[in-house]
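Participant: One structure, as structure tokens, below. Some questions next.
The values are calculated or read from the model by the stated rules, or taken from the named source; none is laboratory data. Everything quoted here is computed from the prediction, not taken from an experiment. Backbone-built Cβ (ideal geometry, glycine too); neighbour counts: all protein chains shown.
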Ligand SMILES: [Zn+2]
Ligand SMILES: [Zn+2]
């Protein structure tokens, strides 16, 4: 009888600990969700609080909202506590209406008001404003913090402004500023970067582990953030800016933050620029780059396919970057307080561990 009681007790204890795991763990988990050249990156703190940066595209039978909900389910979270809309471009904000039908979103954070003047963009923005007005909404500015138990989340850029004083453990002189060349009018107007340069960008710290996520913050805005002193400091994981496109990711940024790993949220034909790969190849500290997609235009510049979450675009001619409705895979980063972390490709289960920074 006593043996039965003890084993019942141990089963009960096991069940209780499994239930507790639903809302607590030892790791910060980051899911770089594939939204085909948009952005949707989910952070789940050890306490179970969640922060989503951007919502992917609208349409496609709610494709991106479903993919975000799938990652949330994998992370055992049932709501988004903090949603950062980095800026008001369709590939970042567009999926928000579908998202709120899949998951409750509690707090909206963004840079305020769109500067895009096109009628389509204004209409989309006004529809977004009607949604955020039904929630808690905050316009963030550099230096603001996002209160998440166990994490240090700080806004480093917003609405065209950047930090004016360095984060803790930052402020080093940045030798990579030497020779910085601003992008001229041609490249700026070609990419219509008025919204991009207002991207809300954030630093996320968890114990010794450090990362940054910067939306589509532009090359030119990286200069005041990183020069002459590096206001971010060192990071372990660089969530590669602007889908890896060549209009962001200057040496002044990536040489100074000395990342050990980069994860690129590129699409098959969006982002993943040759110059980005070349600049990153010059970063001594960088051990690996993981990609959300094979980048068709750059061919052999792509990483070994073990590091690429979605390969379906090796071949199709005339394909565009946003029409895939089928299964997709994410890149999952699981970070520990000591600064070590593991990255896993959900397509093939390939994973690699990175020890604490020396
Ligand atoms: Zn974008
Ligand atoms: Zn953009």
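Participant: Show the residue pairs meeting these rules: Cβ distance below 7 Å; 6+ apart or different chains; first residue within segment 121-134 and touching a residue at least 12 places away in the same chain (Cβ under 8 Å); second residue part of a helix (DSSP H, G or I).
Facilitator: Correct list of pairs: 124/90; 128/93; 128/96; 131/96; 131/97; 131/100.
Participant: On to the next question. Buried (at least 24 other Cβ atoms within 10 Å of the Cβ) and touching a residue at least 12 places away in the same chain (Cβ under 8 Å), is that true of residue 217?
Facilitator: It is true that residue 217 is buried (at least 24 other Cβ atoms within 10 Å of the Cβ) and touching a residue at least 12 places away in the same chain (Cβ under 8 Å).
Participant: Which one is farthest from ligand 2 (Cβ to nearest atom), of the residues in segment 275-299 that are closer than 30 Å to residue 356 by Cα and part of a helix (DSSP H, G or I)?
Facilitator: My answer is 281.
Participant: Of the residues 129, 140, 105, 115, which single one is over 23 Å from residue 63 (Cα atoms) and away from ligand 2 (no atom under 16 Å from the Cβ)?
Facilitator: 140
Matching residues to (1) exposed (fewer than 12 other Cβ atoms within 10 Å of the Cβ); (2) more than 28 Å from residue 97 (Cα to Cα):
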{"site": "112", "(1), (2)": "no, no"}
{"site": "130", "(1), (2)": "yes, no"}
{"site": "142", "(1), (2)": "no, no"}
{"site": "146", "(1), (2)": "no, no"}
{"site": "151", "(1), (2)": "no, no"}
{"site": "174", "(1), (2)": "no, yes"}
{"site": "178", "(1), (2)": "yes, yes"}
{"site": "197", "(1), (2)": "no, no"}
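Participant: Quick check on segment 95-113: of everything there that is assigned to a loop (DSSP other than H, G, I, E, B) and touching a helix residue (DSSP H, G or I) at 6+ places or on another chain (Cβ under 7 Å), which residue is nearest to residue 265 (Cα to Cα)?
Facilitator: Taking the candidates together, the pick is 95.
Participant: Could you list, in sequence order, the residues of segment 84-127 that are more than 16 Å from ligand 1 (Cβ to nearest atom) and under 21 Å from residue 66 (Cβ atoms)?
Facilitator: 97, 98, 99, 100, 101, 102, 103, 104, 105, 106, 108, 127 - these are the residues of segment 84-127 that are more than 16 Å from ligand 1 (Cβ to nearest atom) and under 21 Å from residue 66 (Cβ atoms).
Participant: I've got another one for you. Please work out which one of (1) crowded, with 24+ Cβ neighbours inside 10 Å; (2) more than 16 Å from ligand 1 (Cβ to nearest atom); (3) farther than 17 Å from residue 30 by Cβ is the condition residue 259 fails and give its number.
Facilitator: Only one criterion is unmet by residue 259, namely (3).
Participant: Among the residues of segment 250-265, which ones are part of a loop (DSSP other than H, G, I, E, B) and over 14 Å from the mean Cα position of the chain (by Cα)?
Facilitator: If the condition is that a residue be part of a loop (DSSP other than H, G, I, E, B) and over 14 Å from the mean Cα position of the chain (by Cα), then 250, 258, 259, 260 are the ones that fit.
Participant: Taking the residues in segment 70-92 that are away from ligand 2 (no atom under 16 Å from the Cβ) and either part of a strand (DSSP E or B) or modelled with pLDDT under 95 (or both) as candidates, determine which candidate is farthest from residue 266 (Cα to Cα).
Facilitator: Here the answer is 81.
Participant: Are any of the residues in segment 197-206 in a helix (DSSP H, G or I) and away from ligand 2 (no atom under 16 Å from the Cβ)?
Facilitator: no
Participant: Condition first: closer than 29 Å to residue 336 by Cα, within 12 Å of ligand 1 (Cβ to nearest atom) and at pLDDT 95 or above. Can you find one or more residues in segment 216-232 that meet it?
Facilitator: Checking segment 216-232: at least one residue is closer than 29 Å to residue 336 by Cα, within 12 Å of ligand 1 (Cβ to nearest atom) and at pLDDT 95 or above.
Participant: Hey, another quick one. Anything in segment 42-56 that is buried (at least 24 other Cβ atoms within 10 Å of the Cβ) and either closer than 25 Å to residue 270 by Cα or in contact (Cβ under 8 Å) with a residue 40 or more places away in the chain (or both)? List them, or say none.
Facilitator: The answer is 43, 51, 52, 53, 54, 55, 56.
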